[in-house]
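K.L.:
Pasting in a structure now, in structure tokens, and then I'll have a few things to ask.
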Amino acid sequence: MKPNPYRREKKALNAEMNVVPYIDVMLVLLVIFMVTAPMLITGVDVDLPKSKPIP
């Protein structure tokens, strides 16, 4: 009997977790932390408006 060319081969399911996206997210979080950490120490000057009492 000749094999059917339209029939797909049954492949085993891949149960492994793909960790590449998680590594990308962790690197982005690391960069964000490295950029914002010096700002926490020095602080950011903000000029707030003066409040006026309500008559």
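K.L.:
When you check residue 24 against the structure, is it part of a loop (DSSP other than H, G, I, E, B) and of a type in the set (D, E, K, R), yes or no?
P.N.:
It is false that residue 24 is part of a loop (DSSP other than H, G, I, E, B) and of a type in the set (D, E, K, R).
K.L.:
Taking the condition of a type outside the set (Val, Ile, Thr), under 35 Å from the mean Cα position of the chain (by Cα) and exposed (fewer than 10 other Cβ atoms within 10 Å of the Cβ), does residue 5 pass?
P.N.:
Spelling it out, it is not the case that residue 5 is of a type outside the set (Val, Ile, Thr), under 35 Å from the mean Cα position of the chain (by Cα) and exposed (fewer than 10 other Cβ atoms within 10 Å of the Cβ).
K.L.:
Surrounded by 10 or more Cβ atoms within 10 Å (Cβ to Cβ), within 36 Å of the chain's Cα centre (by Cα) and not in a loop (DSSP other than H, G, I, E, B): does that describe residue 41?
P.N.:
So residue 41 does not fit the description; no.
K.L.:
Can you tell me which of (1) assigned to a loop (DSSP other than H, G, I, E, B); (2) of a type in the set (A, V, I, L, M); (3) surrounded by 10 or more Cβ atoms within 10 Å (Cβ to Cβ) is the one residue 54 doesn't meet?
P.N.:
Against the list (1) assigned to a loop (DSSP other than H, G, I, E, B); (2) of a type in the set (A, V, I, L, M); (3) surrounded by 10 or more Cβ atoms within 10 Å (Cβ to Cβ), residue 54 comes up short only on (3).
K.L.:
Right, something else. Condition first: free of Cβ contacts under 8 Å to residues at least 40 places away in the same chain and at positive phi. Can you find one or more residues in the stretch 30-46 that meet it?
P.N.:
Yes, that holds for at least one residue.
K.L.:
Please go through the chain and give me each residue that is of a type in the set (Gly, Ala, Ser) and either modelled with pLDDT of 80 or more or touching a Ser or Thr at 6+ places or on another chain (Cβ under 7 Å) (or both), ordered by number.
P.N.:
12, 15, 37, 51
The values are calculated or read from the model by the stated rules, or taken from the named source; none is laboratory data. On a predicted model such as this, the values are computed, not experimentally measured, just so you know. Positions of Cβ are backbone-derived with ideal geometry, glycine not excepted, and every protein chain shown enters the neighbour counts.
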